[in-house]
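As structure tokens, the structure follows; a few thoughts come after it.
The values are calculated or read from the model by the stated rules, or taken from the named source; none is laboratory data. Please read all numbers here as calculations on a predicted model, not as lab measurements. With ideal geometry, Cβ positions are generated from the backbone for all residues, glycine too; neighbour counts draw on all protein chains shown.
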Amino acid sequence: MASQDEIDRLRAERDEWRRRAEVAEAVAQERLARAETAERALRAAEAALASPPEPTGDLPSPPPTPTESKRPASLLERWRRYTDTLN
């Protein structure tokens, strides 16, 4: 039979692991909220880039060079890859 000291030690260890799990869940929720905010910002930025510019009355800018017209990888995909490196 286990002694009272062993039982107390196991209970303390259980409580410590439970506390660690709660902290990990809170951190995960915070990271998810930040990731969702960043995704919304990225969607807004991509939408702004996709919409035609408003006329300003200035002369039109020259057409983009072939290297400029190629869009980079999705900003959302780049963000997801970045957040994967944090975990």
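Worth a mention:
- Residues that are surrounded by 10 or more Cβ atoms within 10 Å (Cβ to Cβ) and charged (D, E, K, R) within the stretch 1-17 comprise 6, 8, 9, 11, 13, 14, 15, 16, listed in sequence order.
- Within the stretch 11-52, the residues that satisfy the criterion of being small (Gly, Ala, Ser) and in contact (Cβ under 8 Å) with a residue 12 or more places away in the chain are 35, 38, 45.
- Test result for residue 18, in a helix (DSSP H, G or I) and at pLDDT below 90: no
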